[in-house]
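K.L.:
Can you keep this structure in mind? I'll have questions shortly.
The values are calculated or read from the model by the stated rules, or taken from the named source; none is laboratory data. What you are looking at is a predicted structure, and each value in this text was computed from that prediction instead of being measured. FYI the Cβ positions are ideal-geometry reconstructions off the backbone, even for glycines, and counts take in every protein chain you see. Only protein heavy atoms, including side chains, enter the accessible area calculation; ligands, DNA and RNA are left aside. Shrake-Rupley method; radii C 1.70, N 1.55, O 1.52, S 1.80 Å.
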Amino acid sequence: MKQNPSQGTVTYRRSAGSDAEAVYAVVLSSVSRLCPEPYSQEVVRTWMDGRIAEDYREDCRDGLLWLAERSGKVMGFSHGEPGEVKRLFVSSDAVGLGVGKVLMEKALADAQGDNTQTVVIDATLNAASFYEKWGFRRTGSGVFPGREGLPPIEIVTMKRFAP
C-alpha cells in the first residue's frame, strides 16, 4: 500500500452511527470526481439527488460497514453481506493508496463468511474493471432502482465463483 508517512497510516475499523456524515461525504466525493467516465454529466449531476447522510446511519450504527481512515478522516468504506458485496466507495483523494484493495478484502470476507460460494455485485460501469481484477465476471446489466424522473444510472451485474 502506498502511503506518505507524513500523512499518517491508514487504519480500518467497523462503522458506528456517528460515521454516517463521513460515509455520505465519501460517496459524494467518489461520485462527483470518479464517476464522470463513462457517465454523462447529466447523470452525475443527479446521482445524489434525494440522498442524505441519514440514509447511511442504520448501516453505520449496526457496524455493517468497514471504514478506512487516516488521521481521523474517513477515506473509503465497503459493505459485504452473505453472498453480496453491496458497496465499495473510495474518496477521490485516496485513489492509488491501496484503500480499495483492503476494503474489497474485508467486504469479500463478510460476503463469504458463511462459506458462500457465489458473490454478486451490482457495479457501476466505471468500477467494473476493478471488480474483474477480483475474479468477478459480467452476467447482466440494468439500472439502479428508485430514480423515477431522473436519468438512469446504468450498472452491470457481476458474479464471482469460489475456486
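K.L.:
As an exercise: evaluate Arg160 against (1) open to solvent by 30 Å² or more (accessible area, probe 1.4 Å); (2) part of a loop (DSSP other than H, G, I, E, B); (3) touching a residue at least 40 places away in the same chain (Cβ under 8 Å) and give the number of the one condition it does not meet.
P.N.:
(2)
K.L.:
Scan the range 100-111 and give yes if some residue there is open to solvent by 30 Å² or more (accessible area, probe 1.4 Å), in contact (Cβ under 8 Å) with a residue 12 or more places away in the chain, in contact with a helix residue (DSSP H, G or I) (Cβ under 8 Å, 6 or more places away or on another chain) and not in a loop (DSSP other than H, G, I, E, B), otherwise no.
P.N.:
no
K.L.:
Is there any pair with a first residue in the range 50-66 that is modelled with pLDDT of 95 or more and crowded, with 16+ Cβ neighbours inside 10 Å and a second that is outside any helix (DSSP H, G or I) and not aromatic (Phe, Trp, Tyr) whose Cβ atoms are under 6 Å apart and which are 6 or more apart or on different chains, and what are they?
P.N.:
Going by the 6 Å Cβ cut-off, the qualifying pairs are Asp59/Leu65; Cys60/Ser15; Leu64/His79; Leu65/Ser15; Leu65/His79; Trp66/Ser78.
K.L.:
Mind checking which residues of the range 114-137 are open to solvent by 30 Å² or more (accessible area, probe 1.4 Å), closer than 22 Å to Val43 by Cα, not small (Gly, Ala, Ser) and not in a loop (DSSP other than H, G, I, E, B)?
P.N.:
Matches in the range 114-137: Asp122, Phe130.
K.L.:
Within the range 9-38, which residues are out of contact with any Gly (no Cβ under 6 Å at 6 or more places or on another chain), open to solvent by 20 Å² or more (accessible area, probe 1.4 Å) and not in a helix (DSSP H, G or I)?
P.N.:
Thr9, Thr11, Tyr12, Arg13, Ala16, Pro36, Glu37, Pro38
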